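**Student:** Pasting in a structure now, in structure tokens, and then I'll have a few things to ask.
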Amino acid sequence: MSSALDADTRRQLGETTATARAMLRAAQKDLQKVFIVFLIGFIGTFYALRLYIWEFLYDVTKSRMADDVGESFEVIAQTPFDVILLQAKIGLIIGIILALPAFLYFARDALRTRGWWPQTPVARWKIAVIGLFAAGLFAGGAAYGYRVFFPVMFGFLAGFGFDAGLNPSYSIVLWTEFIVLLTISFGLAAQMPLAITGLSYAEIVPYETFRDKWRYAVLGMFVFGAFFSPPDPFTQIMWAAPLIVLYGLSLYLAKVVVTAKRGSERIDIPGAARRHWNSLAGLIVGGFGAVYAFYTYGGVDAVNGLLSRQLAVGPWTIATSYRLLPAGAGLGVAPDVAIGLYGGLLSLTLVLVGLAYFVYAELDADVIETNLGDPTAIDLSELDAAGIRAAPPEAFVDLEEDEAMAMASQALEADDPEKARAIVDRFDETEAEREAAAEAAAEEEGDLGDRAERAGDSFLSEFTDGETDTDDIGGYYTDIVFILGALRSRSFRLVVTFLAAMVATFMAFYVGGLGVVRENFLSRMPPQLVDETTLEIITLHPVEAILFIVKVSVLIGVLAVLPMAAYYAWPALKELGAVRGHQRVVFLWVGSLTAGLLGGFALGYFYIAPAVISYLVADATAAKMLITYRVNDFFWLIIFTTAGIGLLADLPILMVLLNNAGVPYRAMRSRWREVTIALLTVGALLTPADITTMFLVTVPLMAAYGVGLLVLFIITAGGRRDLAPPAEIVS
């Protein structure tokens, strides 16, 4: 497959490999020091987890759970080596993270040679300030996670599962990895002020871009949160809200820094304080007054009254455990002294915020005043012909053609043709330079696009051998692109239908439907088999129940959109010769498949599913086993033995309908390999993440496909008389 990569890509990979080798050679004599740093991080993390962190994480997880939920909560180890291997794994990661900066420092000569290290020495105090600022931001993000997000999230998720009859018995591996992932994501998200300020100051990304594209940034935060936080609306809001506030703070800091840079870095903090001393004094008085009024006129009682009310989230409630104490309680000082301390802290905060605002306002004013020395602020209409020719090019960058012609006309009216000619000449020169720069940028962008296209084309060529016949993968690719093009104009309706079905299903389960399904299904089994001491359904991962609902909702959304997609794609399929008949036949398909699905579901729900699960439970009970089913396995078993029966019944029906649309029996029989791959793909995407369940889904579907082939063999007399003439593409 090496030939699938173009020369540019291979050269880039070669340069990266050479750089890595050079770094190893440069740091070779100091690798012992790097290893010592790694070892300190590894051993320190290993014992910190054992002595302190496990208990701390357990307390954080349980801190906001309701009493009955907290009593059922437990962290379990599934294998004898779970705990020690997890400690070693986390220690290994922390050790590598700590050792990486040391390795980069000792390999700085190799990086400097290749231009990846600053050529001009950077003051160590600046590096220290940036490092401390980054560490402080990371700690602040993690603190928000452990003090606010984690307690509320775990209280909600555990309560959601508990109300549905699911005991929160979290696997120590899954539970810890989940917490670590969220901690890292919060810490990285908290670096936003540093990242935006740095990019704006270095003019890599202009401040105006961050300011004008805030809508895309907010959307990106929700998308980012969808990957790193539980997929329910409540925690999504808890994730995104502080990030939005942080983005606003980042914009403010970036504007202050950029304004200072553009204003020749004239930051006069003492002068701003002197000029606005009266406003700052008012903030100090207001801070002390607000604290005094809060503690004197019943503020503590009012807040505690609000906190005593449990936080409602849908049909669930999350108990609150925070209470405000009277002034001085817990500090060992008198109430008056405590009020003074609190007032001083609030006043200091208000003064810092106010001073930052006044500094920013004066910087903005400085920029306006210093525009007199800014080449772009030169008034060309006040210059003579010699001044026009001597003006810097920046003065003509923002000049539009209409403005240039207007100034030239004014010069002609003032009987100064030399100035008019100079204006036109300088404008033409600037316009030519601008067009040349645009062409160069377009050429560079086109070169990058050509490289990507060459890499993609060469990869596709290697994969398809350049063939586009319908029997080759290249032909499949061409046909799929054509069909997707037919669906593109209807994509909005398809997406809306998919989202509506998915959201409706998710909310139905989310507001109590999961518990209703569990109770209703267990009620159809013998009572002695569903005793709580015998049969227990647990969640090993904090978001396992939510993720199950999401998967089922996606499956329902796909099923809802398939008929529409078939209807809209029918003309393209007919043009390709894949089907015959009018697209209205899709309605017959929908009716037939719905009838088969409902019939199979009723058969599975009332007879097959209760019998199968009762047998499995009775067999385990007879062996005196304590049964603890994972929520994924239990509910997917219900789906497989209820809706799955309907889907199995639909497969032969679908094959008959396809034969009636022009897909011959012989084509279905000869394409069984492609069908097998497609069914394995569906099983891998929509079932729990283990190979056993994937095959448990795929094997019955292949059996149903065999039944469909048998039915078609009988109906078509072995393919000699199909229900419709074969379509061209599959004849």
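**Student:** Using r as the Cβ-Cβ distance of residue 273 and residue 105, and R0 as 45 Å, what FRET efficiency do you calculate, to the nearest 0.05? Please list the in-between numbers first.
**Tutor:** Details: r = 40 Å, r/R0 = 0.88.
After rounding to 0.05, the efficiency reads 0.70.
**Student:** Can you tally the net charge around residue 564? Count Lys and Arg as +1, Asp and Glu as -1, for every other residue whose Cβ sits under 15 Å from the Cβ of residue 564.
**Tutor:** Every neighbour counted, the sum reads +4.
**Student:** Efficiency by 1/(1 + (r/R0)^6): what FRET value for residue 71 and residue 575, r their Cβ-Cβ distance, R0 = 60 Å, to the nearest 0.05? Don't skip to the answer; put the middle values down first.
**Tutor:** On the way: r = 65 Å, r/R0 = 1.08.
The computed FRET efficiency comes out at 0.40.
**Student:** In addition: Which length gain, in nm to one decimal place, applies between residue 671 and residue 129 when the Cα-Cα distance is subtracted from 0.36 nm times their residue separation?
**Tutor:** Details: separation 542, 0.36 × 542 = 195.12 nm, distance 6.51 nm.
That works out to 188.6 nm of additional length.
**Student:** Let me ask you something else. Please find the FRET efficiency linking residue 50 to residue 678, where r is the Cβ-Cβ separation and R0 is fixed at 41 Å, and quote it to the nearest 0.05. Write down the numbers at each step before the final one.
**Tutor:** On the way: r = 48 Å, r/R0 = 1.18.
FRET efficiency, residue 50 to residue 678: 0.25.
**Student:** Divide the volume of the convex hull of the Cα atoms of the stretch 41-113 by its number of residues and quote the answer in cubic angstrom per residue. Present the calculation step by step, with values, prior to reporting the outcome.
**Tutor:** On the way: hull volume 9.0 nm³, N = 73.
Looking at the stretch 41-113, the number lands at 123 Å³ per residue.
**Student:** Take the alpha-carbon positions of the stretch 487-730, form their convex hull, and give its projected area averaged over all directions (one quarter of the hull surface) in nm². Don't skip to the answer; put the middle values down first.
**Tutor:** Details: hull surface 59.0 nm².
The number I arrive at for the stretch 487-730 is 14.8 nm².
**Student:** Here is a further query. Summing +1 for each Lys or Arg and -1 for each Asp or Glu, what net charge is found among the other residues whose Cβ lies under 11 Å from the Cβ of residue 155? Walk me through the numbers before you get to the answer.
**Tutor:** On the way: positive: 62, 64; negative: none.
Every neighbour counted, the sum reads +2.
**Student:** Fully extended, how many nm does the chain gain between residue 489 and residue 386 (0.36 nm per residue separation, minus their Cα-Cα distance)? All intermediate terms of the calculation are to be shown ahead of the outcome.
**Tutor:** Details: separation 103, 0.36 × 103 = 37.08 nm, distance 5.91 nm.
Computed gain between residue 489 and residue 386 is 31.2 nm.
**Student:** Within the stretch 124-143, whose backbone N sits under 20 Å from a point 7 Å along Cα→Cβ of residue 352?
**Tutor:** 126, 128-143
**Student:** Please report the net charge: other residues with Cβ closer than 10 Å to the Cβ of residue 164, K and R +1, D and E -1. Before the final figure, lay out the partial values.
**Tutor:** Numbers: positive: 518; negative: 163, 519.
With Lys, Arg at +1 and Asp, Glu at -1, the neighbours total -1.
**Student:** Distance between the C-alpha centers of the stretch 65-116 and the stretch 594-619? Whole Å please.
**Tutor:** One Cα centre to the other: 45 Å.
**Student:** Further, regarding this structure: So which lysines pass the test for residue 126, namely a Cα distance under 24 Å, with those fewer than 8 places away in the same chain ruled out?
**Tutor:** 255, 261
**Student:** For residue 290 and residue 84, calculate 0.36 nm times their separation in residues minus their Cα-Cα distance, and state this gained length in nm to one decimal. Intermediate values should be presented prior to the final figure.
**Tutor:** Working: separation 206, 0.36 × 206 = 74.16 nm, distance 5.22 nm.
Gain on stretching residue 290 to residue 84: 68.9 nm.
**Student:** Non-local amide H neighbours of residue 167 (under 5 Å, H modeled in plane, Pro and chain starts lacking H): which ones?
**Tutor:** 537, 538, 539
**Student:** Roughly speaking, what is the centre-to-centre gap between the stretch 185-199 and the stretch 234-252 when only Cα atoms are used, to the nearest Å?
**Tutor:** Between the Cα centres of the stretch 185-199 and the stretch 234-252 lies a distance of 12 Å.
We did not get these values from a lab; they are worked out from the coordinates using the rules stated. On a predicted model such as this, the values are computed, not experimentally measured, just so you know. As a convention, Cβ positions derive from the backbone with ideal geometry for all residues, glycine included, and neighbour counts pool all protein chains shown.
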